[in-house]
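A short write-up of the structure that comes next.
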Amino acid sequence: MTPAQGVSAGSLGQPGALPPGMATGILAGLAAGAFWGTTFVAPLAAPGFSSVDYTAGRFVACGLFSALLMLWQWGRSRRGGAALRRPTGRQVLAAAGLSVLGYTGYYLLLVLAIADAGAALPVLIIGTIPLWVMMLGKPAGLRWSSLVPGLLLTAAGMALMMRATAADVDVDGARHLVRGVLFGVGAMASWTVFGLFNARWLRRNEAVNSTEWANWLGLAAGVGGWLLWLGAGTPWAELAERPGLGRFVFVCTFTGIGSAWVASVLWNVACRRLSSSLAGQLIVSETVFGLCYAFIWSGQWPQPVQWGASGLFVLGILASIRAHR
């Protein structure tokens, strides 16, 4: 089912069961958020490596996994006598451009933001992506008034979380904090454009399944990560001598396969079954999961304000689901 079908005029605002495929799309979007949330603690799990190293390592791992999977699929298709789908020139260009917006470029900006401003503030900035995608991706048949409850609840959650985070800001590091905020805003803008364009591409290329598209994006991201490493990364000989290399490789492999490839498949499933505005609302789950992981990693309990903000995020998701029925 396409996003347009999921929010048809006959289904908007009607009570009852979710339209066919909508529940699957919602679960896939939430699962993608759970995987994406791990990226906020990944640099903290293996300190001592640069932002470029994290970004390149993650996407080289994603590209290698995509290439191996494509080779396995190619071998299986040959044995079965079927031809494996190959991307056209335009599809290759689309995969390359979108991989920069939603993968290598986005994650590099995010890791730079975390390095300068810590994990919490970039999480909050990235958390505004649902608001932008909801507003920019609203279906023509959905009234603005239907989106208001979800938008207000999400915005209120953001305001509460920012209030809680402001108390932890180090004034002495203000110069780095501002730079980190700018990197975070750049990451937010990059992924917002990716989210909208990726959903549009999937609607226009229904013959390409979600796994195939994740492979093509992953392969393009792998090439981009490798070029980034060659251009600005740490030389392998120096990298191999650093303490914690094994943990670094594990973090890159885990995030490259989990929060890049697996999350991409799940997100493609969500985009094909939901409107851009509802899928955009589900992105807020990345913020909730990211905060949970950060709190677990630091061994601290959330403040009451942060609990309240997370509750508002959940209510915003529920309000958006109801609006899109």
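Coordinate-derived values only; no laboratory data. Remember, it's a predicted structure, so these values are computed and weren't measured experimentally.
Structure notes:
- Global geometry of the range 230-325, whether rounded, prolate or oblate, following the gyration tensor of its Cα atoms and the 1.5 cut on a/c: oblate
- With contacts taken as Cα pairs under 8 Å and at least 6 residues apart, the range 3-323 reaches a relative contact order of 45 percent.
- Binning the alpha carbon pair distances of the chain at 20 angstrom intervals from zero yields the distribution 32, 57, 11, 0, expressed in whole percent.
- The phi torsions of the range 301-317, fed into the Karplus equation with coefficients 6.51, -1.76 and 1.60 and a -60° offset, translate into couplings of 7, x, 6, x, 5, 5, 4, x, 4, 4, x, 5, 4, 5, 4, x, 4 Hz, rounded to whole numbers, with Gly and Pro shown as x.
- The length gained by stretching the chain between Leu69 and Leu136 to full extension, at 0.36 nm per residue less their Cα-Cα distance, is 20.7 nm.
- CD proxy at 222 nm, helix term only [per DSSP H run n ≥ 4: -39500 (n - 2.57); per residue of the chain; nearest 500]: -23500 deg cm²/dmol
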